[in-house]
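Beneath this line is the structure, given in structure tokens, with notes to follow.
The values are calculated or read from the model by the stated rules, or taken from the named source; none is laboratory data. Computed from a predicted model, the values in this text were never measured in an experiment. Reconstructed Cβ throughout: ideal geometry from the backbone, glycine too, with neighbour counts over all protein chains shown.
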Amino acid sequence: MTSLTQAISDLNENLAMELVKHRLESGYKPLDIVEECRNGMIAVGERYSRGEYFLGDLVLSAEIFHELMQLLAPGFRDDEVKKVSGRIVFGTVEGDIHDIGKNITIALLRCYGFEVYDLGVNVPSDKFVGCLKETDANILCLSSLLSSCFDSLKRTVQQVRLFDKQGKIKILIGGLVNEKVCEYTGADYWVTDARKGITICQQWNGVL
Amino acid sequence: MNGIGRVYAAINRLPSDRFPRGELVVDKQFIKEFMKKETKRDNYPEPVEEDLEMEIEFYHRLGLDLVCVHDTEPMHHSGDLCFKLDYIRRFNAEGFFVFLVLNGVFQTLVNQAGFTNFMKNIARWPQQVGEELQKLSQKISEHIRKGLPDGVHGIIIADDIAFNRGTYVAPEFIQKYLLPCWQNQVNSAREQRIPVFLHSDGNINAVLPIIVEAGFDGLQCIEPAAGMNFKEVKQKYGKYLCLMGNIDPALLYGNGANNSFGCASDDPHVQKHNFPELARAVNELIAMAAPDGGFIFGTCSGLHAGLSTEKVKFMYELVRNI
């Protein structure tokens, strides 16, 4: 494990920032530095899985990662930025205000290097479409814990399909959902577990 | 014996005619759906929030012994507690044990800062967050000391500190910063001779000793879907904590009438849930929980719109006949 990977794994924010600055000054390629950062985030995820870290640590690691990416961003070419992080639009659909599962999944997605646009809770379908247009994200994650919001899920999926005529956007639904709900809403996949959600997003983006 | 007597008996492990029943939350829309089916009456007024008589009839029909009254304007908005006093008086007059549900300090700061920010702040500046928790706790304790509305019998501090995998933050943080807050609140209530329960969703196994140390009289939720084993909790902590809840709301999802998806979970165990399975879960819980007292029957998280009114009715009729 490199010193930078270790610093991120230890959530040592200041040291990680110093090490990134030093690497940039020493002529390291930004993408190589990103790889070290990503490994640090994976190490954080593993420590979380072992019960060594808690959710707050996971969220802080995502924040550190974001700050490090900002340091590195000026050195990236556009096509490199796209390689670094898949873009995801995420939100709880209209009519539902549950956000814990959404927040956990977003924290994990960021750990794995995804750029996530969190639209919050009770999000109308047109807001999802607007954000997808603005960000050029290719994944939409919709969360709902209420059976009364299945129609809201369906409406959002339909609106996105109308806008995304070329079928570039993959839609993942999560929360209290199942295969039947997935079929009903027309989403591409469903999960009830954050980790599985990460894997699906990684597969869709060709990371796995 | 009425509901007030039964709940006091459960908390104090005293003899009673039966174990009490109660829900942390009963959604007004659920009450309306239930009552429409029960009474074949379709002219309940809108908004449903205003129909106290319908609510009281609902509680009696289900045979509930307690009512939880929630702060209508959580204190992070106004700084004051705000309850419908006429409701409290009326519930009391009907013989229901009245719990006031107050947002705990953890929950309040989550609401104020947003979940992600709050988690980040704890990881980064635990001591400062601890100080904020302490300040807020003093405010809650002052409210309790100043006196609660007439007709209130108990308090439930609603502090969601956990999810399915465990606590959101390290138990060490809870021990160091939340425990003193909880102790302070419990002590304030004790001065008023008011019992205090803690509600938290999720898997709180790692912090049960801390909850006991805080001096709470009871614990509401004990969520099986999060890996909470009622039997173990009862064996280890049943003499310190009156346990309330434990029926998994997933058992109460509709089977077609309310929910065309059969259920809203991918869990095969949940998908198969039907009336016999609900009956088995209820019987198992009562067999485990009721004999030594210190138990209040109910679901983990309350009755919400979308649950099957038939199953809820079936469950409470079953309990009534045990």
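Tell me, please, whether a residue that is touching a helix residue (DSSP H, G or I) at 6+ places or on another chain (Cβ under 8 Å), part of a helix (DSSP H, G or I) and more than 14 Å from every other protein chain (Cβ to nearest Cβ) can be found in region B:118-126.
Looking for residues that are touching a helix residue (DSSP H, G or I) at 6+ places or on another chain (Cβ under 8 Å), part of a helix (DSSP H, G or I) and more than 14 Å from every other protein chain (Cβ to nearest Cβ), one finds none in region B:118-126, hence no.
Taken as a whole, region A:161-177 holds at least one residue that is charged (D, E, K, R), in contact (Cβ under 8 Å) with a residue 12 or more places away in the chain and surrounded by fewer than 16 Cβ atoms within 10 Å (Cβ to Cβ).
Scanning region A:57-95 for residues that are modelled with pLDDT under 80 and among the charged types (D, E, K, R) gives A:ARG77, A:ASP78, A:ASP79, A:GLU80, A:LYS82, A:LYS83.
Okay, residues lined up against (1) in a helix (DSSP H, G or I); (2) basic (Lys, Arg); (3) in the same structural domain as A:GLU67 (by TED's automatic domain parsing):
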| residue | (1), (2), (3) |
| --- | --- |
| A:ILE8 | yes, no, yes |
| A:LEU11 | no, no, yes |
| A:MET17 | yes, no, yes |
| A:LYS21 | yes, yes, yes |
| A:TYR28 | no, no, yes |
| A:ASP32 | yes, no, yes |
| A:ASN39 | yes, no, yes |
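The sole residue among A:GLU63, A:GLU46, A:GLU25 that is acidic (Asp, Glu) and within 14 Å of chain B (Cβ to nearest Cβ) is A:GLU63. Consider region B:260-298 and keep the residues that are in a loop (DSSP other than H, G, I, E, B) and modelled with pLDDT of 90 or more. The one that is nearest to the other protein chains (Cβ to nearest Cβ) is B:GLY294.
Among the residues of this structure, A:HIS98 counts as one that is within 14 Å of chain B (Cβ to nearest Cβ), over 16 Å from the mean Cα position of the chain (by Cα) and within 23 Å of B:ILE122 (Cα to Cα). Restricting attention to region A:132-154, the residues that are in contact with an Asp or Glu (Cβ under 6 Å, 6 or more places away or on another chain) and buried (at least 24 other Cβ atoms within 10 Å of the Cβ) add up to 2.
Report those helices (runs of 4 or more DSSP H) wholly inside region B:145-256 carrying at least 3 residues which are touching a strand residue (DSSP E or B) at 6+ places or on another chain (Cβ under 7 Å) and more than 24 Å from B:PHE115 (Cβ to Cβ).
Per the criteria, B:230-237.
Residues that are within 28 Å of A:VAL121 (Cβ to Cβ) and among the aliphatic types (A, V, I, L, M) were ranked within region B:115-154; the one that is farthest from the chain's Cα centre (by Cα) is B:ALA123. Beta carbons closer than 6 Å, at least 6 apart along the sequence or on distinct chains, pair a first residue in region A:179-191 that is within 12 Å of chain B (Cβ to nearest Cβ) and buried (at least 22 other Cβ atoms within 10 Å of the Cβ) with a second that is part of a loop (DSSP other than H, G, I, E, B) and of a type in the set (Phe, Trp, Tyr) for A:VAL181/B:PHE261.
Considering only residues in region A:104-134 that are without any contact (Cβ under 8 Å) to a residue 40 or more places away in the chain and among the polar types (S, T, N, Q), the one that is nearest to the other protein chains (Cβ to nearest Cβ) turns out to be A:ASN122.
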